[in-house]
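Everything on this sheet refers to the single structure shown next.
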Amino acid sequence: MKNLIYILLILPVWLYSQPNCNAYLYKGDTLQYKACIEAEKIEKLYQFQREFQETLDNSIKICPNFAYAYREKSTAYLKSGDFLTWKKLIDKAVDLDFSSNLGYRAWCRYQFFRDYIGAIKDIEKLDSLTNYNIGYSINGDYHLNIAKGICYSAINQKQKAIKIFNDQLNTKDYSAGLYDYYQLGVTYYEINDLKNALKCFEKQSEINEFADNQYYKCKIYKSQKNETEYKKHKEKALKLYAENKMLFDGYTHHFNKVYLETIKNEYKLLVTQVLRYCGFWA
């Protein structure tokens, strides 16, 4: 928990796009327009300044139903580790404007708390309440449906996760994200469907190559006793890691992240096997 709080504290200011205040005026909602104008002042403030919270408090006094102010207030509490206050505020924002805030709350539940079931509930509720694309995670890494698939994989519902991944990847006009095929490939790997896993890892290489993806390729070739390909992909994984081409998240950790030590241990095992084969090891 202390590590999570530290990570959140060192994050840069994390605001989602400021609402268009004139849109409220156009709708004839003068209270939300005035609250929005007041909230615009936070753009020049740091989240842990007293003035930041006071400005948003003033915005809420002007219009108690201005969801944006509650959400922005919540962010500082998330970063400081006051998760109870964060939840109270973000829940209020969701109640007032679910379309703008439910996906955000779902992502926070997944990313910061690994509350997979809570994240699934939020994403599925958002999907049931809208008739449009539910959108992406706040950091842009995953479409929320891919995030939902990750959550189902995390609670060991692998087949359901695979269906969700494939449904999203086959959606008309959807372009695969930076890590989509990797997450699908790992899920196939975990149910021992190595053929489909390798296909996914190959597709991932075409879109965005990184060390973690190469690591799983080498694991598949190892299981197939293809020593040449195993060695090639293991060395490539180490090379990509040295080039800082790996799963990385400045906030927490990607699901199914492979750490350098894991790859090195695999490499040490390979060296040991070679030495034994050459007669240098008993």
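Things to note:
- Any hit, region 37-52, residues being hydroxyl-bearing (S, T, Y) and surrounded by fewer than 20 Cβ atoms within 10 Å (Cβ to Cβ): yes
Rundown of residues vs (1) modelled with pLDDT of 95 or more; (2) of a type outside the set (K, R), yes/no style:
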{"position": "F83", "(1), (2)": "no, yes"}
{"position": "A93", "(1), (2)": "yes, yes"}
{"position": "F112", "(1), (2)": "no, yes"}
{"position": "K121", "(1), (2)": "yes, no"}
{"position": "L126", "(1), (2)": "yes, yes"}
{"position": "G140", "(1), (2)": "no, yes"}
{"position": "I146", "(1), (2)": "yes, yes"}
{"position": "S153", "(1), (2)": "yes, yes"}
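- Residue satisfying all of: in region 220-270; charged (D, E, K, R) and outside any helix (DSSP H, G or I); surrounded by the fewest Cβ atoms within 10 Å (Cβ to Cβ) among these: K225
- Residue count for region 172-218 under the criterion of being assigned to a loop (DSSP other than H, G, I, E, B) and without any contact (Cβ under 8 Å) to a residue 24 or more places away in the chain: the result is 5.
- Restricting region 101-117 to residues that are within 14 Å of S153 (Cα to Cα) and assigned to a helix (DSSP H, G or I), the residue that is nearest to the chain's Cα centre (by Cα): Y110
- Flag for Y174 being out of contact with any strand residue (DSSP E or B) (no Cβ under 8 Å at 6 or more places or on another chain) and either surrounded by 15 or more Cβ atoms within 10 Å (Cβ to Cβ) or more than 21 Å from K219 (Cβ to Cβ) (or both): no
- Filter result for D97 (surrounded by fewer than 20 Cβ atoms within 10 Å (Cβ to Cβ), charged (D, E, K, R), in contact (Cβ under 8 Å) with a residue 24 or more places away in the chain and out of contact with any strand residue (DSSP E or B) (no Cβ under 7 Å at 6 or more places or on another chain)): yes
- Scan of region 130-147 for residues that are in a helix (DSSP H, G or I) and either hydroxyl-bearing (S, T, Y) or touching a residue at least 40 places away in the same chain (Cβ under 8 Å) (or both), ordered by number: L144, A147
- K88 being farther than 24 Å from N20 by Cβ, of a type in the set (K, R) and either over 16 Å from the mean Cα position of the chain (by Cα) or not in a loop (DSSP other than H, G, I, E, B) (or both): yes
The values are calculated or read from the model by the stated rules, or taken from the named source; none is laboratory data. Only a predicted model underlies this, so the values are computations on that prediction, with no experimental measurement involved. All Cβ positions, even for glycine, are placed from backbone atoms using ideal geometry, and neighbour counts span all protein chains on display.
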